[in-house]
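All remarks here apply to the structure that follows.
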Amino acid sequence: MSHPGQPGDAAQALELEVITSTEIADPVRELILRPVNAAALPAFGAGAHLRFLVADGRWNAYSLIALPGDDGRSYRIAVRREDGGAGGSLAMHGLRTGDRIVAQPPRNDFPLDAGTGPALLLAGGIGLTPLISMATALAERGRPFRLVMAARTRAAAAYADLLGDTFGEGISLHLDDLVGGPMPVTDLIADAAPDTHVYVCGPRPMIEAARTAWATRALPDAQFHTELFDAPQPEAGDQPFEVELASTGQIFIVPPGQTIIQVLEAGGVDLVYDCQRGDCGICQTGVLEGTPDHRDVVLSPAERAAGKLIHICVSRAKSARLKLDL
Ligand code: FES
């Protein structure tokens, strides 16, 4: 996972040293990190991530991977190289043994439920990483689970052999090129027992398919958990639109390729946000006039249809102007 965010409390920052850097799949590199000062590392729960300072003022987050038998003296992450990205993943791929990097303490926006029932873990690509930690925690708690991991090809399937050896029949590998299509998320969710907690981590189309499948089951939303593993991409046909702030009447123009947050911040507006991927919900804002073009994975189908809320980190407008409750 790679997303820029706010840096947090620099006083709590961890200085970490790279112990190993290993190419484990195409194009995924695993990093093992330890504290420079030999202090104890902050513990983390399944689903947690670390934010790394990848460039001046820019932080990328990567999920922490826990495997059975880990001693808690190091952190393990896996980074997919994004050749068309902002450069953070390339910086991480460039790290070698002995290099140092600053990180914020672990944070968890995707925690495992505390129940005792079964869990279905659906992983798309490098979205696998937090779900490995969940599989480890579920196994330790004696809870039944199934982890279905999808990759484009066998060469891209990071950790497939390790997970198969570790968790046996609990792991299923879906290869798009062999099967001729994406993971059958709808069927997997349709077959899940009614008390199953479902965890989905992957690209936006996968999460949207899972969310639709879950809605047709009419089971509690509290049993459905997602985390997005995709940076927002401009879409063909994106048009400029205006944003009006209700509090001041100011009007801003949001061009294609820029987000509402980027435009408002450049105009001096103070905003609260975090993931900038339409995933965490923190930037949710009221819509007073106009029609949003929703690109988040937070809102329910009913909330999308109502058009009264927008996530200004990713979503745009179908109307020429949006009047926002800001
Ligand atoms: S900042 Fe996370 S949804 Fe917008």
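Here F252 meets the list (1) within 15 Å of the ligand (Cβ to nearest atom); (2) modelled with pLDDT of 95 or more almost entirely, failing just condition (1).
Scanning the range 292-322 for residues that are closer than 16 Å to A210 by Cβ and under 17 Å from the mean Cα position of the chain (by Cα), we see that the one that is surrounded by the most Cβ atoms within 10 Å (Cβ to Cβ) is D296.
Screening the range 260-284 for residues that are farther than 24 Å from T226 by Cα and part of a helix (DSSP H, G or I) and picking the one that is farthest from the ligand (Cβ to nearest atom) gives A266. Put simply, of E235, E227, E289 the only residue that is modelled with pLDDT of 90 or more and either surrounded by 15 or more Cβ atoms within 10 Å (Cβ to Cβ) or under 30 Å from A215 (Cα atoms) (or both) is E289. Within the range 309-326, the set of residues being more than 17 Å from L228 (Cβ to Cβ), in a loop (DSSP other than H, G, I, E, B) and within 16 Å of the ligand (Cβ to nearest atom) comprises D325, L326. When D165, D176 are checked against the criterion of being over 17 Å from the mean Cα position of the chain (by Cα), surrounded by 14 or more Cβ atoms within 10 Å (Cβ to Cβ) and acidic (D, E), a single residue qualifies: D176.
Applying the set (1) surrounded by 20 or more Cβ atoms within 10 Å (Cβ to Cβ); (2) at pLDDT 95 or above; (3) more than 18 Å from I207 (Cα to Cα) to Q104 leaves exactly one unmet item: (2). Residues considered: V79, V18, V36, V28. Of these, the only one that is β-branched (V, I, T), within 23 Å of V314 (Cβ to Cβ) and at pLDDT 85 or above is V79.
The values are calculated or read from the model by the stated rules, or taken from the named source; none is laboratory data. In this text the structure is predicted, and so the values were computed from the model without any measurement. Neighbour counts run over all protein chains shown; Cβ positions are idealised from the backbone, glycine included.
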